[in-house]
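Below is one structure, written out as structure tokens, with a few remarks after it.
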Number of protein chains: 2
Amino acid sequence: MSGVLILSVSAGRLAAPADEVGQQVAQALLAHGLPVASRQVVDEAEPAVEAALRSGVGTYGLIVILGSGGGSGGEIVRRVLARVTGARLILNERLLATLEALHARRERPLPRREERLALLPQGAVLWSVEGGEPGWLLETERSAVAVLPAVSPTLTDLLTRHLLPFAHERLGREGVLVRTLKTAGLTPSEVEQRISPWLGSGEDVSVSCVPVDGEVWVRLAARAASLPLAEAALRDLEGPVADALGVDCYGRDQESLEGVVGRLLRERGLTLAVAESCTGGLLGHRITNVSGSSVYFERGVVAYSNRAKEELLGVPRQLLVARGAVSAPVAEAMARGICRASNTPLGLAVTGIAGPEGGSPAKPVGTVFVALAYPGGAESRQFRFAGGRESIKWQSAQMALDLLRRWLLSGR
Amino acid sequence: MSGVLILSVSAGRLAAPADEVGQQVAQALLAHGLPVASRQVVDEAEPAVEAALRSGVGTYGLIVILGSGGGSGGEIVRRVLARVTGARLILNERLLATLEALHARRERPLPRREERLALLPQGAVLWSVEGGEPGWLLETERSAVAVLPAVSPTLTDLLTRHLLPFAHERLGREGVLVRTLKTAGLTPSEVEQRISPWLGSGEDVSVSCVPVDGEVWVRLAARAASLPLAEAALRDLEGPVADALGVDCYGRDQESLEGVVGRLLRERGLTLAVAESCTGGLLGHRITNVSGSSVYFERGVVAYSNRAKEELLGVPRQLLVARGAVSAPVAEAMARGICRASNTPLGLAVTGIAGPEGGSPAKPVGTVFVALAYPGGAESRQFRFAGGRESIKWQSAQMALDLLRRWLLSGR
């Protein structure tokens, strides 16, 4: 086993939103064809760190340790690593000078407690970057251990200048590449059917179907004696699989649905406004997560109450009474209303029941309508989503964005 | 080392949003005082699973394996676990019958490939629940391994009826309890100063400061010979620390700022509308993530363009020109405007520069104003947040919610 283990040492985060920095490092390594085998979060406590390192050293070719940024986590890592590898902790003068310089810049002396962070296991090599906290590397016979500051703004520099070149040299004799093709609007079994000729694991390539919230990913992996060979194998595989998925594949790897929709809106020079009910602002939030979205996103309204649907979107009261707020005609009236109010060519609307309350036999929790208004018309689609409140909100926003994406691609 | 390792086996998720199910299980165990030491995600590939299990068995007292829901992940886990523990795989008739019954309900025969999932390592005990996929348990001398379906709706039942009682019995001789006190509006060093008398790790209790996006948590941990003793130690610690944090502590453990604000609004029978610019819908999204929020949340508008600020919120054009859209008077005018438009007593507004473009020397990226309008007045606060676009959006929504929380607590 020669893969990479990414180990985040983190106080009190075991039940919290997970290790974003660990994900970021995993992404960078995978994008460069390096075989990330595992990502692990351990509590910032000596026994937990020791258990992870005792089992990891000798098992993985490279272990990347990301500290929690606090001083005590760094101390624990140093102590445990010295014990596990049998190395003594010695003062690294260059590291001490760097830490002192960093503190001097902030016009504070180095606290005594932080001085201990200049102790490194004997044989450790410092990875320095301009103006930031350095990382360091300890190589043992079977594993290399890189320790990086997780909250430092210099992490990107450390990755590019030190970790990636080192990892390529240490692990790069074999190439592994992974590609994710992302689909929207298909069920997992529909995707499996489409890609059935390629599905499964072989010696050198594997194709699998990964259902995630509101969408399905197809994961392609290629392994070969070198990175160029793996690249060629992946290319040969990706072409026909992508063809089989067709327009249902909206993007690959790190692409998001809101990013793809934004690119299409820019290309066609169109502007958009949104009218949300059950998504409560999530649709606008996702659209505006894309940098530069102010060019095409004009406004949004969250018309949670019926009164707001009437006042802000001009949905006729008799329509709300006759068909209910969660219905296709109301969704379309919301989409048309936001176009009219904002003077944009495109209007996207969502109305539904996110639950857990508010369902009825005729319209159970998860019933959602999305609608698009465009010059000369409007159309809507009905869904019945499973899951909790946040998952239903997410899937609703997903299908609204996908409705818009398909319209933009249709060239109408 | 006798803690718990939660191991998620997951195809293609190493660089993706992390293991929500693993977090959920960690949360459940920690809430019951069980010592979760590590959470790990491994690729759904035989070498990666084998490395994790070879190192985990004998290291952790209990390993909880969460499958990816696909059949191939389950097969790999069975094969590797049999190899690592030296057990043979044998057909479990009860499991086969259960799997066949589950498929029959969906009116599909059990596929040949899935039959292999009825093979379990010799000595494994089935954990059954009504109407869902079962889990199973394999006990070895030094570690117990529980294998649970990660995507099954029966996971909650499996946790309550099987995993928690078993974990208590196997690990519960010693009690470890963790409590998180969550603060808003303070910097990490302000929090450290407040709690300095307790900060640090002792034999039995530890107190640490955990900075997360837009807020700072204080983590209290107590370890004792039994759970009741740990509870008493935690109680003795929590009282004075919570007093030192005062009104800056908004909640504990799983409480969210939007949940606390929702509870206060309900208690006072008040309704709310929001006007967002740079947060783009995130504020409404967070407020409506709380189940039952339709009682107090009337509407929101995302006034991304200046025209939308004029039309939807009645912000005077000359104010936008003279002071700029990102300014205290515009924030307050937005808050007053949404109150007027929605006829709610409370209006919350955000305007700012989320970046990466749009900054200027006078108003750099991260400059944000939040404002609250209430009966008889309005007030605003200015911030300069660090971080990327999504982090600035999150911190802005956080400070807007906190402004409202403090007003609601003030009893005005």
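Details
- Lone unmet requirement of (1) of a type outside the set (Lys, Arg); (2) buried (at least 24 other Cβ atoms within 10 Å of the Cβ); (3) within 23 Å of the chain's Cα centre (by Cα) for residue A:294: (2)
- Within the set B:184, B:150, the sole residue that is within 24 Å of the chain's Cα centre (by Cα) and either more than 12 Å from every other protein chain (Cβ to nearest Cβ) or of a type in the set (Phe, Trp, Tyr) (or both) turns out to be B:184.
- Positions within region B:257-277 being in a strand (DSSP E or B) and closer than 11 Å to residue B:295 by Cβ, in sequence order: B:272
- Each residue in region B:208-224 was checked for being within 11 Å of chain A (Cβ to nearest Cβ) and under 18 Å from residue B:254 (Cα atoms), and 11 pass.
- Test: residue in region A:199-222 that is within 29 Å of residue A:385 (Cβ to Cβ), assigned to a loop (DSSP other than H, G, I, E, B) and without any contact (Cβ under 8 Å) to a residue 60 or more places away in the chain: yes
- Matching residues in region B:352-364 - criterion: being within 11 Å of another protein chain (Cβ to nearest Cβ) and surrounded by 21 or more Cβ atoms within 10 Å (Cβ to Cβ): B:353, B:354
- Near pairs, Cβ below 7 angstrom, 6+ apart or cross-chain, from region B:39-63 (within 8 Å of another protein chain (Cβ to nearest Cβ) and without any contact (Cβ under 8 Å) to a residue 12 or more places away in the chain) to any residue that is assigned to a loop (DSSP other than H, G, I, E, B) and surrounded by fewer than 24 Cβ atoms within 10 Å (Cβ to Cβ): B:47/A:1; B:48/A:3; B:51/A:1; B:51/A:59; B:55/A:59
- Scanning region A:283-311 for residues that are more than 22 Å from residue B:359 (Cβ to Cβ) and more than 7 Å from chain B (Cβ to nearest Cβ) gives A:286, A:306, A:307, A:309, A:310, A:311.
- Residue match in region A:93-104 (condition: at pLDDT 85 or above, buried (at least 21 other Cβ atoms within 10 Å of the Cβ) and more than 8 Å from chain B (Cβ to nearest Cβ)): no
- Qualifying residue in region A:282-290 (condition: touching a His at 6+ places or on another chain (Cβ under 6 Å), buried (at least 24 other Cβ atoms within 10 Å of the Cβ) and assigned to a loop (DSSP other than H, G, I, E, B)): no
- Checked against (1) assigned to a loop (DSSP other than H, G, I, E, B); (2) in contact with a Ser or Thr (Cβ under 8 Å, 6 or more places away or on another chain), residue A:363 meets all criteria but (2).
- Some residue of region A:33-50 being under 25 Å from the mean Cα position of the chain (by Cα), at pLDDT 85 or above, buried (at least 19 other Cβ atoms within 10 Å of the Cβ) and of a type in the set (Ser, Thr, Tyr): yes
- Where a residue in region A:309-329 is outside the structural domain of residue A:353 (by TED's automatic domain parsing) and its partner, wherever it lies, is part of a helix (DSSP H, G or I), with Cβ under 7 Å and at least six apart: none
- Any chance residue B:83 is more than 29 Å from residue A:216 (Cβ to Cβ), modelled with pLDDT of 85 or more and at the interface with chain A (Cβ under 9 Å from one of its Cβ atoms): no
- As for region A:252-263, it holds no residue that is at the interface with chain B (Cβ under 10 Å from one of its Cβ atoms), acidic (Asp, Glu) and either buried (at least 24 other Cβ atoms within 10 Å of the Cβ) or touching a His at 6+ places or on another chain (Cβ under 8 Å) (or both).
- Some residue of region A:225-238 being surrounded by 17 or more Cβ atoms within 10 Å (Cβ to Cβ), in a loop (DSSP other than H, G, I, E, B) and at pLDDT below 85: no
- Selection count, region A:343-364, where residues are on the phi < 0 side of the Ramachandran plot, modelled with pLDDT under 95 and of a type in the set (Gly, Ala, Ser): 4
- Single residue of A:371, A:333, A:349, A:322 found to be assigned to a helix (DSSP H, G or I) and buried (at least 24 other Cβ atoms within 10 Å of the Cβ): A:333
This table checks each residue for (1) outside the structural domain of residue B:56 (by TED's automatic domain parsing); (2) in a loop (DSSP other than H, G, I, E, B); (3) under 21 Å from the mean Cα position of the chain (by Cα).
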{"residue": "B:120", "(1), (2), (3)": "no, no, no"}
{"residue": "B:131", "(1), (2), (3)": "no, yes, no"}
{"residue": "B:142", "(1), (2), (3)": "no, yes, no"}
{"residue": "B:161", "(1), (2), (3)": "no, no, no"}
{"residue": "B:164", "(1), (2), (3)": "no, no, yes"}
{"residue": "B:191", "(1), (2), (3)": "yes, no, no"}
{"residue": "B:197", "(1), (2), (3)": "yes, yes, no"}
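- Considering residues of region A:209-232 that are of a type in the set (Gly, Ala, Ser) and touching a helix residue (DSSP H, G or I) at 6+ places or on another chain (Cβ under 9 Å) only, the residue nearest to residue B:21 (Cα to Cα): A:214
- Considering region A:366-405, the residues that are farther than 14 Å from residue A:348 by Cα and touching an Asp or Glu at 6+ places or on another chain (Cβ under 7 Å) include one that is farthest from the other protein chains (Cβ to nearest Cβ), namely A:395.
The values are calculated or read from the model by the stated rules, or taken from the named source; none is laboratory data. Quantities reported herein were computed from a predicted structural model and do not represent experimental measurements. No Cβ is skipped: glycine too gets one built from the backbone with ideal geometry, and neighbour counts run over all protein chains shown.
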